[in-house]
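Structure, as structure tokens:
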Amino acid sequence: MKTYDSNAYRLFYGVNLLFVIGVAVLCVLPLIHLMAVSLSEKGAANANLVGLWPVGFNLSAYKEALANEKFYDAFLVTLRRLLLGTTVNMILTFLMAYPLSKEERAFPYRNVYVWVIVFTMLFSGGLIPGYMLVSQLNLIDSIWALVLPSAVQTFHVILLLNFFRQLPKQLEEACYIDGGGHFVTLFRIYLPLSMPAVATLILFSMVMHWNDWFSGLIYMNKVDLYPLQTYLQVLLDQTKKAVTIDDARNAAEASRRSLYSAQIFMAMLPILLVYPFLQKHFTKGIVMGSIKE
């Protein structure tokens, strides 16, 4: 009898399936609750009477959020950061991972460089030196202050270089014989064959830039320059730096909880829409890129 037909295997499979379903439900329930609060009437939301279903269906919170110019400004800042940051991340990752994937005889002191970048995963200069560096480079209140400090992600480089190392060397040698150089080999052979890993890293970079709120808080001195997550974080903290008299008046018309829930839900929506298109590459991209030969 085959192993996967045994009672023990069916029991193991059933327990694993129930566990995965339970974890998925725990991840989805907060999103459903957030959406229910955003769609509920003011009194029910303020009284914490909303569970997983809206109480007194109301779209006033979304109307108020969509009429908020600061929300649009923050969204545009995040969109600019997402496009610029992801592009910079991927270009630098490609240019670092390709030479580091070579053998020691082709790239002397390769291991030294690898250990140097691994060191940065464990130790960093800290928050204050990082702020001083950005300040001395005159990047404060600039979009580059949100992009350059995280331009190179060490984990992404290691993942991609290990993926490159698993590609057949004969393809690279054939490219050299046909007169192609390193850039031709990288962009016409390595990258097309590494799309699962590339798609995974693109999504990692997008999620990182979209969800980061702390960089905007320390590098931006004007509310108009805040990325979306920083703007929402400041609103939730109810700090005077971002919540003006107009914000307070608008929030009074549509409960704060409903308004903030609507804004948070709309902020999550773009990533939730992108994720399904790239999710299929996760397993192959991460597993193959994490194996070291």
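Looking at THR78, is it among the β-branched types (Val, Ile, Thr), at pLDDT 90 or above and under 21 Å from the mean Cα position of the chain (by Cα)? Against the criterion (among the β-branched types (Val, Ile, Thr), at pLDDT 90 or above and under 21 Å from the mean Cα position of the chain (by Cα)), THR78 qualifies.
A quick yes/no check of all residues on (1) at pLDDT below 90; (2) assigned to a loop (DSSP other than H, G, I, E, B); (3) surrounded by 15 or more Cβ atoms within 10 Å (Cβ to Cβ):
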{"residue": "LEU159", "(1), (2), (3)": "yes, no, yes"}
{"residue": "LEU171", "(1), (2), (3)": "yes, no, no"}
{"residue": "CYS175", "(1), (2), (3)": "yes, no, yes"}
{"residue": "GLY179", "(1), (2), (3)": "yes, yes, no"}
{"residue": "VAL184", "(1), (2), (3)": "yes, no, no"}
{"residue": "PRO196", "(1), (2), (3)": "yes, no, yes"}
{"residue": "THR200", "(1), (2), (3)": "yes, no, yes"}
{"residue": "LEU203", "(1), (2), (3)": "yes, no, yes"}
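Kindly provide the set of residues from the stretch 119-143 that are at pLDDT below 90 and among the small types (Gly, Ala, Ser), ordered by number. Within the stretch 119-143, SER124, GLY125, GLY126, GLY130 meet the criteria.
Report, by residue number, each residue of the stretch 50-105 that is polar (S, T, N, Q) and closer than 30 Å to ILE32 by Cβ. Don't jump to the end; show me each part of the working.
Just the residues of the stretch 50-105 that are polar (S, T, N, Q), to begin with: 58, 60, 68, 78, 86-87, 89, 93, 101.
Scanning the stretch 50-105 gives ASN58, SER60, ASN68, THR78, THR86.
The residues of the stretch 53-77 that are surrounded by 13 or more Cβ atoms within 10 Å (Cβ to Cβ), touching a helix residue (DSSP H, G or I) at 6+ places or on another chain (Cβ under 6 Å) and over 30 Å from TRP144 (Cβ atoms), listed by number, are PRO54, VAL55, GLY56, ALA61, TYR62, GLU64. If we keep just the residues of the stretch 206-258 that are more than 21 Å from SER38 (Cα to Cα) and acidic (Asp, Glu), which is modelled with the highest pLDDT? Among them, the one singled out is ASP212.
Working only within the stretch 128-138, note down all residues that are of a type in the set (Ser, Thr, Tyr) and touching a residue at least 40 places away in the same chain (Cβ under 8 Å).
Taking the stretch 128-138 and keeping what is of a type in the set (Ser, Thr, Tyr), we get 131, 135.
Selection gives TYR131 alone.
Put simply, of SER290, SER261 the only residue that is of a type in the set (Ser, Thr, Tyr) and at pLDDT below 75 is SER290. In this entry, MET90 is excluded by the filter for residues that are closer than 30 Å to LEU161 by Cα, over 20 Å from the mean Cα position of the chain (by Cα) and assigned to a helix (DSSP H, G or I).
Among the residues of the stretch 166-211, those that are farther than 19 Å from ASN89 by Cβ, aliphatic (A, V, I, L, M) and out of contact with any Cys (no Cβ under 7 Å at 6 or more places or on another chain) comprise LEU167, LEU171, ALA174, ILE177, LEU193.
Listed here are the residues, each with its yes/no results for (1) in contact with a Leu (Cβ under 7 Å, 6 or more places away or on another chain); (2) over 25 Å from ALA197 (Cβ atoms); (3) of a type in the set (D, E, K, R).
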{"residue": "LEU26", "(1), (2), (3)": "no, yes, no"}
{"residue": "VAL37", "(1), (2), (3)": "no, yes, no"}
{"residue": "ALA44", "(1), (2), (3)": "no, yes, no"}
{"residue": "VAL55", "(1), (2), (3)": "yes, yes, no"}
{"residue": "ASN58", "(1), (2), (3)": "yes, yes, no"}
{"residue": "LYS70", "(1), (2), (3)": "no, yes, yes"}
{"residue": "PHE75", "(1), (2), (3)": "yes, yes, no"}
{"residue": "PHE94", "(1), (2), (3)": "yes, no, no"}
{"residue": "ASN111", "(1), (2), (3)": "no, no, no"}
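Considering only the stretch 100-127, state which residues are free of Cβ contacts under 8 Å to residues at least 12 places away in the same chain and either among the basic types (Lys, Arg) or assigned to a helix (DSSP H, G or I) (or both). Explain how you work it out, then say what you get.
Filtering the stretch 100-127 down to residues free of Cβ contacts under 8 Å to residues at least 12 places away in the same chain leaves 102-112, 115-116, 119, 122-126.
Of everything in the stretch 100-127, those that are free of Cβ contacts under 8 Å to residues at least 12 places away in the same chain and either among the basic types (Lys, Arg) or assigned to a helix (DSSP H, G or I) (or both) turn out to be LYS102, ARG105, ARG110, ASN111, VAL112, TRP115, VAL116, PHE119, LEU122.
The set of residues in the stretch 75-99 being without any contact (Cβ under 8 Å) to a residue 60 or more places away in the chain and over 17 Å from VAL157 (Cα atoms) consists of LEU76, LEU79, LEU83.
The values are calculated or read from the model by the stated rules, or taken from the named source; none is laboratory data. From a predicted model like this one, the values you see are computed outputs, not experimental measurements. In this analysis, Cβ positions are derived from the backbone assuming ideal geometry, glycine residues included, and neighbour counts consider all displayed protein chains.
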